[in-house]
1. Suppose each label sits 7 Å from its Cα in the direction of the beta carbon; what would the Leu35-Phe173 distance come out to in nanometres?
2. Probe radius 1.4 Å, ligands and nucleic acids left out: which of Ile116, Ile170 has the largest accessible area, and how do the rest follow?
3. In whole percent, how big is the carbon plus sulfur part of the accessible area of region 51-174, probe 1.4 Å, protein atoms only?
4. Quick check for you: with a 1.4 Å probe and neighbouring chains kept, what is the accessible area per residue of the chain, in Å²?
5. Would you kindly find the accessible area of Ser61, with a 1.4 Å probe and non-protein molecules such as ligands, DNA and RNA excluded, rounding to the nearest 10 Å²?
6. Round to the nearest 0.05 the FRET efficiency obtained for Ala136 and Lys113 when R0 = 25 Å and r is the Cβ-Cβ distance.
7. Can you give the relative contact order of the chain as a percent, counting alpha carbon pairs under 8 Å and 6+ residues apart?
8. Quick check: pseudo-label points 7 Å beyond the Cα along Cα→Cβ at Asn145 and Lys63, how many nm apart are they?
Amino acid sequence: MRFLLYNIRYAAGIGRHFHLPVPYSGYFKHTNGNLKKIVDFIKLVNPDITGLIEVDSGSISQKFYYFREGVKRLVIELELADLSVFLVHLSLKFRHRQYQLQDLYTMTNSVKKPVIVAGNFNAFKGERELELFLAATGLKNANSNGQPSHPSRAPRRQLDYIFHSPQIQITDFQ
């Protein structure tokens with residue numbers, strides 16, 4: 001199975017123009033062809049499952065959960081025959097992220113089949129910030145080499161993670 005995780009940032013694009021005329025004003029602009037580029041990229045990768053983060057709508061999920069803390073609270077669970085996939089986007093605030101990880105532990109712990117938990121974890125302090133969550137769940141990081149994921153134009157740190165149950169064997173990670 002090929003899984004693609006992609007934070008499309010509402011198809012708003014990147015670069016200095018994103019913050020003009022005021023910081024973060026890019027979120028209110030038209031996608032200006034970015035959505036077509038994203039769709040073309042997804043077609044090129046040809047994944048079996050695509051997990052999109054920062055999208056306004058369009059999921060075929062079976063379950064929606066909400067964190068108790070933070071601005072971004074939605075957790076989407078896609079339940080398949082042999083596994084469940086959870087998509088998340090955790091808070092920018094450290095304290096809120098810790099509460100969200102506690103909630104996420106409760107959600108994933110109730111699932112009796114292997115899981116994938118993927119998304120933007122905003123772990124600015126690195127994977128160490130996620131150690132308790134990983135120890136409690138037993139999940140493994142698919143990115144075993146710690147490849148950076150942010151910012152997309154010149155990645156320097158890992159904010160996006162794909163965690164998986166030990167029963168799931170990873171054959172390649174990019």
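The values are calculated or read from the model by the stated rules, or taken from the named source; none is laboratory data. What you see is a predicted model, and the numbers here were worked out from it, not measured in a lab. Here Cβ is always computed from backbone atoms with ideal geometry, including for glycine, and neighbour counts include all displayed protein chains. In case anyone asks, the SASA skips ligands and DNA or RNA and just uses the protein heavy atoms, side chains included. Shrake-Rupley method; radii C 1.70, N 1.55, O 1.52, S 1.80 Å.
1. Placing both labels 7 Å beyond Cα along the Cβ direction yields 3.3 nm.
2. Numbers: Ile116 10, Ile170 75 Å².
Descending order: Ile170, Ile116.
3. Carbon plus sulfur share of accessible area: 51 percent.
4. Numbers: 10960 Å² over 174 residues.
About 63 Å² of surface per residue is accessible.
5. Roll a 1.4 Å probe over it and Ser61 shows about 20 Å².
6. About 0.90, to the nearest 0.05.
7. 17 percent
8. 3.4 nm
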